[in-house]
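Values quoted throughout were computed directly from the atomic coordinates according to the rules given, and no laboratory measurement underlies them. Everything numeric in this text was worked out from a predicted model, so none of it was measured. Positions of Cβ are backbone-derived with ideal geometry, glycine not excepted, and every protein chain shown enters the neighbour counts.
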Amino acid sequence: MRTLLFILISVQCTLAQKYKLDKSLVSFFSSAPIEDIRAGNTKSNSIFNLANGEIVISIPINQFQFDKALMQQHFNEKYMESGKYPRATFQGKISGIEKVQYQQEVLAIGIMNIHGVNQAIEIPGQLTLNKDQIDMKAVFKVILDDYKIKIPAIMWKNIAEEIEVTVNFIYKPYEN
Amino acid sequence: MKISIVLPLMIFNSIALFAQDDLMKLLEAELKEEPSEIIQTFDGSRVVNGHAAKALSKGELEFLIMHRFGRINSGAYNLFGLDQAFIRLGFEYGITDNMSIGLGRSSFDKSYDFYFKDKLISQRKNVSPVTVTLFSSLAINSSQRKIDFPDITFNDRLAFTNQLLIARKFNSKLSLQLMPVFVHTNVVDQDSEFNSLFALGFAGRYKLTKSLALTAEYYNRLNVKQNSVYNNPVAIGIDIETGGHVFQIHVTNAFGMIERAIIAETTGHFFRGDFNLGFNISRSFQLNKQKRSKSW
């Protein structure tokens with residue numbers, strides 16, 4: 001009976017180690033002969049379980065803000081088809097976390113879904129454990145072809161085939 | 001005792017196993033989907049001749065060159081109409097995300113036009129099935145000079161248009177639009193025309209590829225005198241969209257590029273071969289770059 005209690009408590013503890021995204025910026029940058037394109041998104045959702053490193057991220061595609069409004073429309077309409085595929089998601093695990101309060105190099109391994117296409121990926125990044133807050137940062141490349149995002153031939157000088165994505169996440173303990 | 005250890009362990013393990021999916025479910029439960037606006041019902045600010053139910057975004061400036069050649073059936077002597085040309089140069093600017101103002105100058109009747117477009121309702125899933133845009137314009141015909149017509153007043157030169165553009169994007173390919181319109185021209189030939197003309201327009205777009213679309217437009221004039229010298233305007237075209245530019249190439253029986261001239265003063269029977277080639281080229285500029293991409 002005591003064991004049961006102990007295990008139940010430990011289960012409770014693992015649940016209590018969940019963190020929820022408090023502040024976020026996902027931005028991307030594309031450099032092509034005619035123009036550089038950048039966009040930022042502060043409307044991501046994510047839950048991170050520090051106990052086992054599991055992480056889920058969901059990014060609303062139509063919340064990417066561009067400097068040019070027309071570009072934003074074309075991004076949603078022609079390339080990402082955000083009406084059909086409203087969110088990009090990542091589902092995986094962060095390995096290499098040491099429970100000490102300093103910045104550390106970690107690796108996120110999991111499945112990325114963009115434009116309705118699943119890809120197994122590994123993303124190196126930095127994770128900082130603070131009291132009541134976890135910071136995560138990562139910079140990685142997304143190859144448009146991997147996710148069946150087609151650029152018309154007429155536009156190849158405007159849009160790069162490889163996009164650099166920067167992620168800045170701040171997590172707070174999950175309360176519910 | 002054994003069971004009481006094993007059972008919770010099993011539960012614990014299953015929790016660990018399915019935690020990722022559970023996390024996703026937990027996350028999805030938190031997402032609040034706001035019905036997003038249906039965008040890009042039409043690529044350009046014009047379907048062909050007339051306006052599309054679309055307002056520019058805030059700070060967006062569009063420069064539009066419209067060009068109509070002469071009648072194709074005017075023969076080889078006129079190089080099938082290419083010797084002749086009517087042109088309209090215009091600007092449109094987005095004051096807010098739903099409201100635009102514009103001005104232009106057409107060589108047809110030497111008209112200056114000023115207009116205002118206000119998107120009253122946006123098509124949104126489960127909220128509104130259509131986009132409704134109000135279009136209102138004033139056109140000044142400056143072709144009659146004071147020297148030649150000493151009695152002409154400023155009022156005599158004016159024409160007004162009020163129009164509702166009701167559009168629905170049915171899917172990523174097909175968009176249709178209905179346009180009830182009222183055109184009032186201060187001076188017309190009273191024998192054959194009314195000053196106030198009502199018409200109902202129909203327009204559509206069908207995307208063939210991501211950058212190429214087929215368009216069509218027709219205005220049916222509702223109150224027409226028996227001996228009217230004008231006809232209903234018909235237009236069929238293609239749109240080529242390349243980022244900041246929209247190229248529209250079409251055939252139409254209208255020479256005019258403003259509402260009064262398109263709807264009330266189109267000559268020639270489209271289906272008897274009286275049509276001309278034309279094109280619109282638009283270039284979009286973003287004037288207020290907000291650097292929205294970089295802020296938290």
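Observations on the model:
- Looking at region A:116-152, the trypsin sites (Lys or Arg not before Pro) that sit in a DSSP loop and have at most 14 other Cβ atoms within 10 Å of their own Cβ are A:Lys131, A:Lys148, A:Lys150.
- Dipole check for region B:106-242: with +1 at the C-beta of Lys and Arg, -1 at the C-beta of Asp and Glu, and the Cα centre as origin, the magnitude is about 960 Debye.
- Taking the longest Cα principal axis of chain B as reference, the axis of helix B:2-30 is set at about 10 degrees.
- Counting Lys and Arg as +1 and Asp and Glu as -1 over every other residue whose Cβ lies under 15 Å from the Cβ of B:Ile87, the net charge comes to +2.
- Simple spin-label estimate for B:His269 and A:Asp145 in nanometres, 7 Å along Cα-Cβ: 5.6
- In this simple spin-label approximation, B:Arg283 and B:Glu28 carry label points 7 Å from Cα along the Cα→Cβ vector, and these lie 4.8 nm apart.
- Residue (of A:Ala160, B:Ala55, B:Asn223) at the positive-pole extreme of the protein assembly as shown, dipole from beta-carbon charges: A:Ala160
- Bins of 10 Å, starting at 0 and running to the largest distance - Cα pair percent for the protein assembly as shown: 4, 17, 23, 18, 13, 10, 7, 4, 2, 1, 0, 0
- 10 Å beta-carbon shell around A:Gly92, net charge (K/R +1, D/E -1): -1
- Listed pairs B:Lys58/B:Lys119; B:Lys110/B:Lys225; A:Lys78/A:Lys137; A:Lys78/B:Lys58 exceeding 23 Å between Cα atoms: B:Lys110/B:Lys225; A:Lys78/A:Lys137
- Hits among aspartates and glutamates - C-alpha to C-alpha of B:Lys173 under 19 Å, sequence gap 8 or more where chains match: A:Glu77, A:Glu81, B:Glu37, B:Asp43, B:Glu217, B:Asp239, B:Glu241
- Summary value for chain B: 18 percent relative contact order, contacts being C-alpha pairs under 8 angstrom separated by 6+ residues.
- For region A:68-82 versus region B:61-81, the gap between their alpha-carbon centres in whole angstrom: 33
- Segment A:Thr42-A:Asp22, extension gain: residue separation times 0.36 nm, minus the distance between their alpha carbons: 6.2 nm
- Dipole magnitude for chain A: computed about the Cα centre from +1 point charges on Lys and Arg Cβ and -1 point charges on Asp and Glu Cβ, it is near 480 debye.
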